[in-house]
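Student: Before anything else, here's the structure in question.
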Amino acid sequence: MQQMYAIRTDPRIDAVAVPENLRVGLMVAEQRKRCSAMGCQARFFNFAFGQSPFPVPPELVTSLKREATLGYYTDAAGTEELREAVAGFYARHFGIEAGPERVVVGNGSKELIYIIVSMMEATWVIPSPAWIGYAPIITLLGKEYRTLPSRPDRGYRLDPADLEAVLAAHPAERHILIFNNPNNPTGAVYTRQELEAIASVCREYGCLVIADEIYALTTYDFERFTSMGTVYPEGTFVTGGLSKDRSAAGYRLGTCILPQDCPEELVADFTKVAATMYTSVATPVQYAAITAYAEDPAVEEYMQTARAVHGIMSHYMSKAVSTIDGVRATVPEGGFYFLADFNLLADDLRQCGVTRSHDLSTALLAHPHHVATIGGDAIMLPQDQYGVRVACVDYDGRRALDLYREDRPTTSLEKTAFVHEVAPLMVEGVGAMRRFVEEVRKESG
């Protein structure tokens with residue numbers, strides 16, 4: 001008789017939780033079932049899922065249709081034409097002078113970050129709170145990381161002194177800092193002076209940086225944005241892509257600018273790993289993306305309009321949430337998130353059974369509140385720190401763009417009216433969050 005063997009996966013997978021966006025989706029589905037069983041047909045408020053609500057720019061759609069017949073493979077690093085377009089784009093928008101030989105194209109910036117982590121022998125440093133994807137990537141690859149908590153009194157910005165303390169405590173180790181700017185989940189944008197202070201510490205200790213700047217062109221006052229690639233060019237991998245500022249998340253195209261004067265071996269190794277993993281990015285998408293990175297007035301106008309609407313929505317939501325008694329909110333400067341801080345209510349929450357930070361998002365989702373958020377260890381908050389990420393994208397993006405272009409709001413009253421007109425569910429969701437806090441206070445006595 002043939003012996004049967006158990007099918008086993010790598011133990012490292014056990015250490016990786018279900019991706020938070022999928023987990024929250026399952027939680028919402030289960031909560032809907034429970035509510036339906038009790039006859040509740042109330043709305044759910046989606047503050048959890050971070051995806052641009054806007055349609056893909058028509059120019060990209062036209063290009064993709066035109067290139068749909070291209071069925072051949074390309075170079076693993078990307079077509080020469082696309083890499084030249086990306087290099088030109090980064091020179092125009094960010095002042096990064098990099099030839100196409102320093103550009104690598106992948107299936108989204110997440111995949112490119114995965115490749116960098118897989119290639120580099122290093123201990124990783126992740127400022128907290130952080131995007132939900134960094135720690136799982138590092139864990140899946142069996143690498144080590146150190147969490148570097150940031151403080152509310154600094155707006156959850158990385159303190160260079162804290163970074164130096166970590167690097168100085170382990171001088172024999174190579175470290176790589178994963179630095180997200182604009183930040184997900186806080187919406188913070190770092191000034192040039194802040195970046196220079198961080199870069200100075202990195203230079204002193206030989207710490208490299210992955211600058212995840214996927215939200216760079218959603219910075220509301222874009223003239224204020226500085227890329228780490230211009231401040232610390234010799235030690236920075238700059239990643240970006242089409243998913244946020246051009247709303248083409250489904251195209252799955254990301255870019256990486258390799259460090260200045262990086263050795264030819266690094267370029268060759270990156271290409272080798274890329275070729276091993278995915279052969280090449282879909283050829284039609286690459287050629288369509290040339291339009292996205294070329295000098296195109298229509299695409300530029302699209303990005304300007306989209307970030308203006310993001311700014312209106314996120315500022316309104318942050319201000320509205322901060323008026324809830326006991327809740328503080330970061331003031332976003334880019335992207336479409338902010339962090340809602342519930343720590344003033346910590347004692348009340350514990351008395352209501354919300355004993356860990358991770359329980360807060362579950363409690364907000366429960367009946368009758370129906371507010372979907374992401375928080376706790378998913379965004380790398382310590383379990384005694386209560387906070388949730390609020391995404392400001394639950395509205396009809398096409399209608400928002402059209403309305404903004406027709407009658408651009410300029411005053412505070414006009415912007416408030418714009419939000420109420422375009423995003424009524426987000427406005428109602430703040431009310432549901434307020435009622436949650438009132439109930440917590442009431443139950444705790």
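Student: With a cut-off of at least 3 residues that are touching a strand residue (DSSP E or B) at 6+ places or on another chain (Cβ under 9 Å) and farther than 21 Å from P382 by Cβ, name the strands (runs of 3 or more DSSP E) lying wholly within region 98-181.
Tutor: Result: 103-106.
Student: Would you mind finding the one in K110, K143 that is in contact with a Phe, Trp or Tyr (Cβ under 8 Å, 6 or more places away or on another chain) and open to solvent by 30 Å² or more (accessible area, probe 1.4 Å)?
Tutor: Only one candidate passes the filter, namely K143.
Student: Only one of D269, D261 is over 16 Å from V86 (Cβ atoms), part of a loop (DSSP other than H, G, I, E, B) and over 16 Å from the mean Cα position of the chain (by Cα); which?
Tutor: One residue alone meets the criteria, D261.
Student: Sticking with this one: If I filter region 235-244 for residues that are hydroxyl-bearing (S, T, Y), under 19 Å from E121 (Cβ atoms) and outside any loop (DSSP other than H, G, I, E, B), do I get at least one hit?
Tutor: yes
Student: If you take just the helices (runs of 4 or more DSSP H) that sit entirely in region 351-445, which of them hold at least 2 residues that are closer than 30 Å to T305 by Cβ?
Tutor: Once the helices (runs of 4 or more DSSP H) in region 351-445 are filtered for at least 2 residues that are closer than 30 Å to T305 by Cβ, what remains is 397-406, 412-422, 424-444.
Student: Within region 327-348, how many residues turn out to be buried (at least 24 other Cβ atoms within 10 Å of the Cβ) and more than 30 Å from S243 (Cβ to Cβ)?
Tutor: So the count comes out to 0.
Student: Of the residues G187, G206, which single one is surrounded by 24 or more Cβ atoms within 10 Å (Cβ to Cβ) and at positive phi?
Tutor: Exactly one residue qualifies, and that residue is G187.
Student: I would also like to ask the following. May I ask you to say which residue of A363, A400, A372, A391 is in contact with a Cys (Cβ under 9 Å, 6 or more places away or on another chain), at pLDDT 90 or above and at negative phi?
Tutor: Going through A363, A400, A372, A391 in turn, just one is in contact with a Cys (Cβ under 9 Å, 6 or more places away or on another chain), at pLDDT 90 or above and at negative phi: A363.
Student: For region 379-406: of the residues being of a type in the set (S, T, Y) and over 10 Å from A423 (Cβ atoms), which is most open to solvent (accessible area, probe 1.4 Å)?
Tutor: This residue is Y404.
Student: Every residue in region 57-85 that is open to solvent by 50 Å² or more (accessible area, probe 1.4 Å) and over 22 Å from S109 (Cβ atoms), please.
Tutor: The answer is P58, T62, K65, R66, A68, T69, G71, Y72.
Student: I'm trying to understand the selection: among the residues of region 349-368, which are open to solvent by 10 Å² or more (accessible area, probe 1.4 Å), touching a residue at least 24 places away in the same chain (Cβ under 8 Å) and among the small types (G, A, S)?
Tutor: Selection gives A363, A366.
Student: If you don't mind, another one. If the requirement is being under 20 Å from P58 (Cβ atoms), open to solvent by less than 10 Å² (accessible area, probe 1.4 Å) and either without any contact (Cβ under 8 Å) to a residue 60 or more places away in the chain or among the hydrophobic types (A, V, I, L, M, F, W, C) (or both), which of these qualifies: A248, A294?
Tutor: A248
The values are calculated or read from the model by the stated rules, or taken from the named source; none is laboratory data. Because the structure is a prediction, the values reported are computed rather than measured. Cβ coordinates were reconstructed from backbone atoms using ideal geometry, including for glycine residues, and neighbour counts include every protein chain displayed. In case anyone asks, the SASA skips ligands and DNA or RNA and just uses the protein heavy atoms, side chains included. Shrake-Rupley method; radii C 1.70, N 1.55, O 1.52, S 1.80 Å.
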